[in-house]
1. With a 10 Å radius around each residue's Cβ, average the other Cβ atoms per peptide and rank 67-73, 143-149, 43-49, highest first.
2. Within 10 Å of each residue's Cβ, count the other Cβ atoms and sort 134, 75 from fewest upward.
3. At 7 Å along the Cα-to-beta-carbon direction for both residue 138 and residue 32, put a label point, then send me their distance in nm to one decimal.
4. Just rank 92, 106, fewest to most, by other beta-carbon atoms within 10 angstrom.
5. Pop the C-beta distance of residue 50 and residue 81 into the FRET formula with R0 = 25 Å and round what comes out to the nearest 0.05.
6. Could you state the orientation-averaged shadow area of the convex hull built on the Cα atoms of the chain, in nm² to one decimal?
7. Can you give the FRET efficiency for residue 123 and residue 100, using 1/(1 + (r/R0)^6), R0 = 30 Å, r = Cβ-Cβ distance, to the nearest 0.05?
8. Contact order normalised by length for the chain, with contacts defined as Cα pairs under 8 Å and 6 or more residues apart; what percent is it?
């Protein structure tokens, strides 16, 4: 039994030296290597107790990465939940990385689209769908269009 725990810890440490992982991710990767959940869970909890694994650090690192790639709050929160972690301090991370969600949204929009002040309804819908898929809310998108003074033809 101790040998299995040592093998599990070795795999976990190897994974954690590459990047932060959530506990759920570690469990999934260990399951792919045919380790039982009841064997893996105590080892992962031990690593967390010693500070070698942290869901909070993982959430901050993951959120920072996704925000830098231009994803919005809805998408980032959803992806964190999929990885078994609650979004913590998301607004603080956004402030440190890009200033605000609106700044992030504006950067994504300006990078993708030309500065047209008049849009057809179909073009407006296309641009809105792109931003929605990136994880920005409809209210944020409307506020951006108001801020950039974009109108319909």
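Here, each number is a calculation from the coordinates, and none is a lab measurement. Owing to the predicted nature of the structure, the values given are computational and were not obtained by experimental measurement. Cβ coordinates were reconstructed from backbone atoms using ideal geometry, including for glycine residues, and neighbour counts include every protein chain displayed.
1. 67-73, 43-49, 143-149
2. Sorted ascending by nearby Cβ count, the order is 75, 134.
3. The modelled label-to-label distance comes out at 3.8 nm.
4. Listing 92, 106 from fewest to most nearby Cβ atoms yields 92, 106.
5. Given R0 = 25 Å and the Cβ-Cβ separation, E is 0.45.
6. Here the figure is 10.5 nm², rounded to one decimal.
7. 0.70
8. Values: 148 pairs, mean separation 32.2, N = 153.
21 percent.
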